């Protein structure tokens, strides 16, 4: 019996078209658009100015507070301007535009492919290197990793969980990374264990990736502290709380962080980035992005420099299909629909999904028939139908009482609703409002 | 990319299930029982069903179109389900005008006056049936004989009706037992009764299909039948002379129809599994109380309607198990 | 038989009397003193419970009036000066006079002027759309057109125009309670001074992008060229963040700014038509 989380969950069609495609390095863009706010927390402050020459890997914006990270240039060239550029949501945000000239990396970066296995660093040194490299959660949440690695006072991590679940349909970037960079991921995991000072680590992988499970089992055979846990396929297993529940059986209490049950969760992409940062001195300026969709000619996995416009990825994947009706940055369950192809790849971009026009629009909204499928599907044990009504009628007290803040926005409720009701739309609105109310109460 | 892109909040994929599919699955699940009723009652059964369905759909369309002035949602299949369920609850030779009146009460009073599909508190088909039962007690409790039964009789009583009438007339139970149909006849549906309630087997078949297609969950039917079995069993165990076996109670009357098709109506039953268990046990106990101590021979319709009324209360107090909630 | 009736009457009367006595003492015990003036003030208020005064309904406002004992910070926008002087009379205080105000939608980006660049397909409220992304057009400041302002209006004073896709205020009904101002996530609605004959002049734009970008997204966007600022003789117009703003308290309705605006972002409403300028404004609109 494979492990999985207990409450709720759905099974959307997997459609992992690109899982057999090796990661290809994408050609450099002509111009890179690098936003300074690619993570949760304060946006970084630019430290270059118009006309400056930058090298690949050079810091171009400095971390701005504890919950913030550095931004590095992903290309070499000249800073064209520091201006407002539209982000994925269409709102203009500050970013640095660089005209690419050649590809000259900082000398400190080790560009060789050889596996480095250097464990002479102390935990603090590792965390410091991770912080300088600007590493954030690569699964899409983009929470600064160095913050996660320093547990709050009085709390101690006992277990590191590496998230190789990739429960989002379509996406395959983590899967490919596990297959092609297994050694590096294991080293990254060991580095993270050292930084956290934990004795045990578990890599959780869903059972639809048997090749990755087999390979990583071989690789960790030499390290008894690291184990691989195959998990039963169920969305949203990649959610931090669901993964902890699936692996350890412990539930993170409502409103608390995973550290409350002694766990720290990191994505496999993050583990790989940690390896590169610590062993190769390479800051986070490129990542693996899946480009996929039902009509995409060549669904692919690309190694892409941060700041590359989405249109260039599409070009490499066989061009924009004619029937495209929606473009999603990320997976279909939690990804964000974008308005233009000019938005750049950021640290949190795990995929680019092109949805054909026929599937782009939602079905018409009907009345709730109280079938309770949303209640059954909710992995947090909430009542989405009730939360939606509370939000729609603006009864924020009730929404708060019914634990709207526990919602992880996984979308299982909207996915499963036979009446096609916009449950999550309203719950998200309610979460925002209740969050405001709670914050204003604290002040 | 000729058109402008669509932007919507996540999730961007949706299950291929829909209200209409759910409703049509329910209809499909009712077909075996309907077919059986045509087999035993002849074309009369089909006539009653068609009239009920047509009336329900027509009322839904006309009222939504001309009274409520909204886009009619008659094609969502819910009026179809209501119509068949109403037909299942009446004798096969019911006059058409009584049926149409019942359909009107079911659709207009019990459903649309509350706001339409999803907003009604009580099961529309049952409200229609109970209205007819109280308004036309004679027509509603005079059942035609099945084709397979003796040819000299023109009407047949239900097993439960036989017992209730006998007990009211002061006859001892063991004397009445002889008049009752055999268990296998009751299971197959070779007895008197409303259209849909005669064959427990066909209803169970439909129930299994709905369970397989996840239209219903096991909680409500199991809770109803289980509590009826236990409640009836206790009385039978204490005094087998005065009470019938629990198996008889499960097979007789509308127990199966109610437990599988009526009580599991999504709109009027609780949201959580735990809530459905409470709701089901409530229905089972009330049904047995009416059967054993009330003046009506059958009580599951009343029991379901009473528990429908408790559903909002159950929903308010029985919450799903929250993730990370303190124990 | 008769004795039964007698007993019944006696028992019931006894229960009745006992209950009355108990009720009396309980009522005395739990009596709460309430200033009778609160009721009087409440009676003088319009009773719309719209919350435009910043209090939770008229009763709360009446309580605040009595409690504060000073009306300088309290004003009922629905009742206006007349109502407030009534309240002041009851309490023996001085009411502040305020100019009547009216809600104005500061966006003129109709479907025609502001082409759609995407289609929103979520729950149709402005709050949800705006938290998701910038909107269906390239203007991230403009009206989303889902009518949250219409929903919150208690006075039926604001409606969506299906042709333009923008909300329109019915001046006679608007009481300036400010509910729509709160509801608009793009902060497009402003309460402006009410001029005679419902006349208004305002910049119907909130786009803070640079001129070219704003113009590209919407034909009638304010491009911050500051021509109007130079034209205004009353210092009523200020330019900030590439956007002009006309202070309705300083504006004298001279209409000069309207004619100099190169993008027709400044709108005049309910003025008699001007003979020559009218034609030119119209022709420019057509040419666009």
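Looking only at residues in region A:12-52 that are on the phi < 0 side of the Ramachandran plot and within 14 Å of chain B (Cβ to nearest Cβ), the one that is surrounded by the most Cβ atoms within 10 Å (Cβ to Cβ) is A:12. Scanning region C:202-261 for residues that are closer than 20 Å to residue C:189 by Cβ, touching a helix residue (DSSP H, G or I) at 6+ places or on another chain (Cβ under 9 Å), outside any loop (DSSP other than H, G, I, E, B) and in contact (Cβ under 8 Å) with a residue 40 or more places away in the chain returns C:203, C:243, C:244, C:246. Exactly one residue among A:32, A:61 is within 24 Å of residue A:110 (Cβ to Cβ) and touching a residue at least 40 places away in the same chain (Cβ under 8 Å), and that residue is A:32. The number of residues in region A:410-443 being on the phi > 0 side of the Ramachandran plot and either crowded, with 23+ Cβ neighbours inside 10 Å or in contact with a helix residue (DSSP H, G or I) (Cβ under 6 Å, 6 or more places away or on another chain) (or both) comes to 1. Hey, any hits in region B:44-61 for a residue that's away from chain A (no Cβ under 14 Å) and more than 23 Å from the chain's Cα centre (by Cα)? Scanning region B:44-61 turns up at least one residue that is away from chain A (no Cβ under 14 Å) and more than 23 Å from the chain's Cα centre (by Cα).
Residue C:64 satisfies every condition listed in (1) touching a residue at least 12 places away in the same chain (Cβ under 8 Å); (2) within 19 Å of residue C:89 (Cα to Cα) except (1).
For region A:196-213, a residue qualifies if it is out of contact with any strand residue (DSSP E or B) (no Cβ under 9 Å at 6 or more places or on another chain) and on the phi < 0 side of the Ramachandran plot, and the qualifying residues are A:208, A:211. Residue A:343 fulfils the conditions (1) crowded, with 24+ Cβ neighbours inside 10 Å; (2) under 20 Å from residue B:18 (Cβ atoms) except for a single criterion, (2). Of the helices (runs of 4 or more DSSP H) lying entirely inside region C:25-139, those containing at least 1 residues that are buried (at least 18 other Cβ atoms within 10 Å of the Cβ) and under 21 Å from the mean Cα position of the chain (by Cα) span C:58-68, C:80-91, C:126-132.
Going through region A:376-411 one residue at a time, which ones are more than 10 Å from every other protein chain (Cβ to nearest Cβ) and touching a residue at least 60 places away in the same chain (Cβ under 8 Å)?
Looking only at region A:376-411, we keep the residues that are more than 10 Å from every other protein chain (Cβ to nearest Cβ), and these are A:384, A:387, A:389-390, A:393, A:395-401, A:404-405, A:407.
Listed by number, the list holds a single entry, A:405.
Examine region C:38-58 for a residue that is out of contact with any helix residue (DSSP H, G or I) (no Cβ under 9 Å at 6 or more places or on another chain) and not assigned by TED's automatic domain parsing to the domain that holds residue C:246, and state whether such a residue exists. Among the residues of region C:38-58, at least one is out of contact with any helix residue (DSSP H, G or I) (no Cβ under 9 Å at 6 or more places or on another chain) and not assigned by TED's automatic domain parsing to the domain that holds residue C:246, which makes the answer yes.
When region B:99-147 is limited to residues that are within 24 Å of residue B:41 (Cα to Cα) and not in a helix (DSSP H, G or I), the one that is modelled with the lowest pLDDT turns out to be B:147.
The sole residue among A:337, A:316 that is within 12 Å of chain B (Cβ to nearest Cβ) and in contact with a strand residue (DSSP E or B) (Cβ under 9 Å, 6 or more places away or on another chain) is A:337.
Taking the criterion of being more than 14 Å from residue B:10 (Cβ to Cβ) and within 7 Å of chain A (Cβ to nearest Cβ), the residues of region C:117-132 that qualify are C:117, C:118, C:127.
The values are calculated or read from the model by the stated rules, or taken from the named source; none is laboratory data. What you see is a predicted model, and the numbers here were worked out from it, not measured in a lab. Note: ideal-geometry Cβ built from the backbone for every residue, glycine included; neighbour counts use all protein chains shown.
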